[in-house]
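Following: one structure in structure tokens, then a few remarks.
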Amino acid sequence: MPSKKALVRRPAPCLAEGLVTHVEREEVDVDRAVRQWEAYTEALRAHGWETVEVDPADDCPDSVFVEDTVVMFRNVALIARSGAESRRAETLGVEEAVASLGCSVNWVWEPGTLDGGDVLKIGDTVYVGRGGRTNAAGVQQVRAAFEPLGARVVAVPVAKVLHLKSAVTALPDGTVVGHIPHMDAPSLFPRFLPVPEPSGAHVVCLGGDKLLMAASAPKTAELFADLGYEPVPVDVGEFEKLEGCVTCLSVRLRDLYA
Ligand SMILES: NC(=O)NCCC[C@H](N)C(=O)O
């Protein structure tokens, strides 16, 4: 059944200690990050999404990046097992949240690793980035979980950035948008539009023509507006310092049964 709920998780007070892998560490202003997170969740609500707060995980610096902890396909939640050990404790509250929303819950098991940021769904096609956080066993477990439900899983090499969705996401019509210098295998995507800014590669489809995007990608916003979309910019600068982006701050639940 169509639903418009989005899981979000309040930033932990220790957010500034979050992991950085492909960028230089910069000081994070946690108060500013909280204000940005509030504006982000407000933008979701303003466009008809009911935000569901997962219990905070105050000891987990990266817990605000809730997208990495779970992958949804229809009503089935696959609880991730991060390639970064320091992030594994984040899944507990998320399991409870998705179970209480009536989802069927599966888990990625050792030796598999998977971060939700490596999974891009376009219709029934599920692209899975195989990179620093997601290994081959993780990709196999996504196949095992979702192919029986009708998914077609496509594995994508990811070496230049943290996650597949650091490099590409998709417009409402399924066109993949990406920043080519950050991509390892652009030819894997059948319909592809390059964008001029790294953070322009991150869109959250809010419904209709509306695209939630980072304020740091004004040229890409212009490009999308020129194609008939309505960009909704939000400042996620403090999260960008930790390799986060607009997609990783929520998990949209579009096919709940309840
Ligand atoms: N899906 C995402 O883009 N997640 C961002 C995670 C950033 C966090 N600092 C990490 O390295 O795990």
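With both partners inside the stretch 5-253, how many of the DSSP beta bridges are antiparallel, as a percent to the nearest 5?
Of the beta bridges lying entirely in the stretch 5-253, close to 45 percent run antiparallel.
Normalise the Cα radius of gyration of the stretch 128-258 by 2.2 N^0.38 Å (N = residues in it) and let me know the number.
1.07
Measuring from label point to label point, each 7 Å out along Cα→Cβ, what is the residue 222 to residue 149 span in nm?
It is 4.1 nm.
Take the alpha-carbon positions of the chain, form their convex hull, and give its projected area averaged over all directions (one quarter of the hull surface) in nm².
Value for the chain: 11.9 nm².
Mind listing the long-range amide H neighbours of residue 107? Cut-off is under 5 Å, sequence gap 5 or more, other chains count too, H placed in the peptide plane at 1.01 Å from N.
Sorted by chain and number, the residues that satisfy this are 79.
State, to one decimal in nm², a quarter of the convex hull surface area for the C-alpha atoms of the stretch 4-48, i.e. the direction-averaged projected area.
Value for the stretch 4-48: 4.0 nm².
For the chain, what's the relative contact order in percent, using C-alpha pairs closer than 8 Å and at least 6 residues apart?
In percent, rounded to a whole number, it is 23.
Once the other residues with Cβ under 13 Å from the Cβ of residue 29 are scored (Lys, Arg +1; Asp, Glu -1), what is the net sum?
-3
Whole angstrom only: what separates the Cα centroid of the stretch 16-95 from the Cα centroid of the stretch 146-198?
What the calculation gives is 21 Å, centre to centre.
Long-range amide H contacts for residue 70: which residues qualify at under 5 Å (H placed 1.01 Å from N, peptide plane, sequence gap of 5 or more or a different chain)?
Counting only residues 5 or more places away or on other chains, the set is 80, 116.
Could you tell me what fraction of 2.2 N^0.38 Å the Cα radius of gyration of the stretch 103-154 comes to, as a two-decimal ratio?
Relative to the 2.2 N^0.38 Å estimate, the stretch 103-154 comes out at 1.04.
Run down the lysines and flag those whose C-alpha is under 25 Å from the C-alpha of residue 4, throwing out any fewer than 8 positions away in its chain.
Those lysines meeting the cut-off are 121, 165, 210.
Using amide H atoms built 1.01 Å from N in the peptide plane, name the residues 5+ places from residue 155, or on other chains, whose amide H lies under 5 Å from its own.
Excluding prolines and chain starts, which carry no amide H, the hits are 128.
Going highest first, how would you order 100-110, 21-31, 118-128, 173-183 by mean Cβ packing within 10 Å?
Top to bottom by mean Cβ count within 10 Å: 118-128, 173-183, 100-110, 21-31.
Using the basic label-point model (7 angstrom from Cα toward the beta carbon), what is the residue 30 to residue 47 distance in nanometres?
3.0 nm
Readers should treat all values here as calculations from the given coordinates under stated rules, not as data from a laboratory. Given the structure is predicted, the values throughout are model-derived calculations rather than measurements. Heads up, the Cβs are rebuilt from the backbone with ideal geometry, glycines too, and the neighbour counts pull from every protein chain shown.
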